[in-house]
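The values are calculated or read from the model by the stated rules, or taken from the named source; none is laboratory data. Computed from a predicted model, the values in this text were never measured in an experiment. Virtual Cβ from ideal backbone geometry, glycine too; neighbours counted across all protein chains shown.
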Amino acid sequence: MGSGTIRVRKRAGSVELFDTARLRLSMWRAMRGDGGSFDHADQLAEAIGVYLRRSSCGLVTSRALLEMALRALRQTGQVEAADTLEAHDRQRHDRRQQLTLGHEGRRRSRWDRDWLTGQIRHRWDVGLGAARALSAEIESELLARGGCVDRAAVLNRVDERIAAYGLASHCPLTTAGA
């Protein structure tokens, strides 16, 4: 990978490693309705990764990464896929802005999926990939509902999923000390 690792700064400010597989999957999801193939998504994501490595880009924003994906899709004739990806990103951002997390004592904070991923990783000792997948699944449900969601209820929902998926042999009680 050259001189260093490529990191991605997300909108909320957290930084994570660039993952070609995640980029490929998001592009492929958008391409499915436009007749695109998984192989084409793979090639485009890999090309973006090569570009980032060759440009010695150590840190890229998630917005810049999205713009690269949109440009790659449009330049290869996948205009509908680019529009789908862009609309999905805008809709998810808007919904996240409307979602708040309710804490004990009626305090509220902005929704942060990274917080949930971190909780899953540390409270239940789940690997990063599984934690991201589970937090994405739960976030999708919460975004569909909108409004204010209770922190303890979110953690209890994770408890239920962890147990249902068999991801941990012991799930901590989230209602005590949550």
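Looking across the range 25-40, the residues that are exposed (fewer than 15 other Cβ atoms within 10 Å of the Cβ) and of a type in the set (Gly, Ala, Ser) come down to 33, 35, 37.
Annotation: residue 22 fulfils all but one of (1) at pLDDT 95 or above; (2) crowded, with 16+ Cβ neighbours inside 10 Å; (3) in a helix (DSSP H, G or I); the unmet one is (1). If you go through the range 64-84 and keep only what is closer than 12 Å to residue 34 by Cα and either crowded, with 21+ Cβ neighbours inside 10 Å or within 17 Å of the chain's Cα centre (by Cα) (or both), you end up with 73, 78, 81, 82, 84. What residue, among those in the range 117-134 that are crowded, with 17+ Cβ neighbours inside 10 Å and under 11 Å from the mean Cα position of the chain (by Cα), is nearest to residue 145 (Cα to Cα)? Applying the filter and picking the extreme gives 134. The conditions of being closer than 25 Å to residue 62 by Cβ and modelled with pLDDT under 95 are not met by residue 159.
Give the residues of the range 42-57 that are crowded, with 17+ Cβ neighbours inside 10 Å and either of a type in the set (A, V, I, L, M, F, W, C) or not in a helix (DSSP H, G or I) (or both), sorted by residue number. Hits for the range 42-57 are 44, 45, 48, 52.
Taking (1) crowded, with 16+ Cβ neighbours inside 10 Å; (2) in contact (Cβ under 8 Å) with a residue 40 or more places away in the chain in turn, residue 98 satisfies each apart from (1). Against the numbered list (1) part of a loop (DSSP other than H, G, I, E, B); (2) surrounded by 15 or more Cβ atoms within 10 Å (Cβ to Cβ), residue 8 comes up short only at (1). Just one of the numbered conditions (1) modelled with pLDDT under 95; (2) part of a helix (DSSP H, G or I) is not true of residue 1: (2).
Restricting attention to the range 30-53, the residues that are among the charged types (D, E, K, R) and modelled with pLDDT under 95 total 3. Look through the range 162-178, keep the residues that are surrounded by fewer than 14 Cβ atoms within 10 Å (Cβ to Cβ) and among the aliphatic types (A, V, I, L, M), and return whichever of them is modelled with the lowest pLDDT. Here the residue is 176.
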